[in-house]
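The values are calculated or read from the model by the stated rules, or taken from the named source; none is laboratory data. This is a predicted model, so every value here is computed, not measured. A quick note on method: Cβ atoms are made from the backbone with ideal geometry, for glycine too, and the neighbour counts reach across all protein chains shown. Areas reflect the complete protein model, heavy atoms only, side chains present, ligands, DNA and RNA absent. Shrake-Rupley method; radii C 1.70, N 1.55, O 1.52, S 1.80 Å.
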Amino acid sequence: MWYVIQTRTGDEEKLACMIRELVPRDHYTECFYIKMESARKSEDRWEIYLCPMFPGYLFVDTDTPKDMYFDLKKVPKLTKLLKEDGETFLPVSEEEQKFLEDIQSEGHIVRRSLVQVDDEKQIISAEGAVGLYLKNVVRQRVRKRYVLIERELLGEKRTIKFGIRLEEDQLMDV
């Protein structure tokens, strides 16, 4: 089962490395944060880069949350465990975990989704993560190459950003 660990925005990789060094491997299967592919226009090309999809949040897959909870107390002042009443720390619900598994690819990366737009630049179809949750799109910024999807996640309604791409985009990997 997945659980949530909160840290300072920008410290996701640092904390994940510390957990891998300080916490016994038999107390968890995996510790990770989800990255998303984004794009920004540079002259006449699109620069592709990765950034945290949920800044300040890590996920840990563990069957022994109590052991993991006490192990995380050894990690220096980077963590704040999201807790619910009676829980050692906040579990990700099965539905939320399925959503997170559906949107990401290998390496916990949410790739940009290929979209097709009509003459008014409205998205009419999409592949990938956006295609799976197209009905949840609340805002489209085709020119900026992203959409916002509204979804219940980690106990509250959130607006989640997803990168998109068009067929005509010329790519330049960064």
Which order do 17, 31 take when ranked by solvent-accessible area (1.4 Å probe, heavy atoms of all protein chains), largest first?
-> 17, 31
Surface per residue (accessible, 1.4 Å probe) for the range 114-159, Å² = 62
List the residues whose amide H sits under 5 Å from the amide H of residue 57, counting only those 5 or more places along or on another chain, with H placed 1.01 Å from N in the peptide plane.
-> 7
Average Cα contact separation per residue, the chain, under 8 Å, 6 or more apart, as relative contact order % | 25
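Carbon and sulfur atoms: what percent of the 1.4 Å accessible area of the range 16-69 do they account for? Display every interim value, and only then the final one.
Values: 1240 of 2660 Å².
Roughly 47 percent of what the probe reaches on the range 16-69 is carbon or sulfur.
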Dipole of the range 114-161, Cα-centred, from +1 at each Lys and Arg C-beta and -1 at each Asp and Glu C-beta, to the nearest 20 debye?
-> 280
If exposed means GluC sites (Glu not before Pro) lying in a DSSP loop and surrounded by at most 11 other beta carbons within 10 Å, then the longest stretch of the chain lacking such sites spans residues 121-166
Checked against the structure, the computed percent of Cα pairs over 20 Å apart among (i) 59; (ii) 63; (iii) 56 is the one labelled (iii)
Lys, Arg +1 and Asp, Glu -1 on Cβ, resulting dipole of the chain about Cα centre, debye, nearest 20 = 760
Quick one: how many Å² of residue 1 are accessible to a 1.4 Å probe, rounded to 10?
-> 90
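Mind listing which trypsin sites (Lys or Arg not before Pro) in the range 111-167 are in a DSSP loop and have 16 or fewer other Cβ atoms within 10 Å?
On the way: sites: 111, 112, 121, 135, 139, 141, 143, 144, 145, 151, 157, 158, 161, 165; in loops: 111, 112, 121, 143, 144, 145.
Hits after loop and neighbour filter: 121, 143, 144.
Which shape class applies to the range 112-174: rounded if a/c is under 1.5, otherwise prolate when a/b exceeds b/c and oblate if not, where a ≥ b ≥ c are the square roots of the Cα gyration tensor eigenvalues? Before the final figure, lay out the partial values.
On the way: a/c = 2.21, a/b = 1.57, b/c = 1.41.
Because a/c hits 1.5 or more and a/b exceeds b/c, the range 112-174 counts as prolate.
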Looking at this model, which pairs from 74/98; 74/157; 135/157; 41/135; 35/98; 73/98 are more than 22 angstrom apart at the alpha-carbon?
-> 74/98; 74/157; 41/135; 73/98
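How much length is gained on full extension from residue 42 to residue 152, taking 0.36 nm per residue of separation minus their Cα-Cα distance?
On the way: separation 110, 0.36 × 110 = 39.60 nm, distance 3.41 nm.
Separation in residues times 0.36 nm, less the Cα-Cα distance, equals 36.2 nm.
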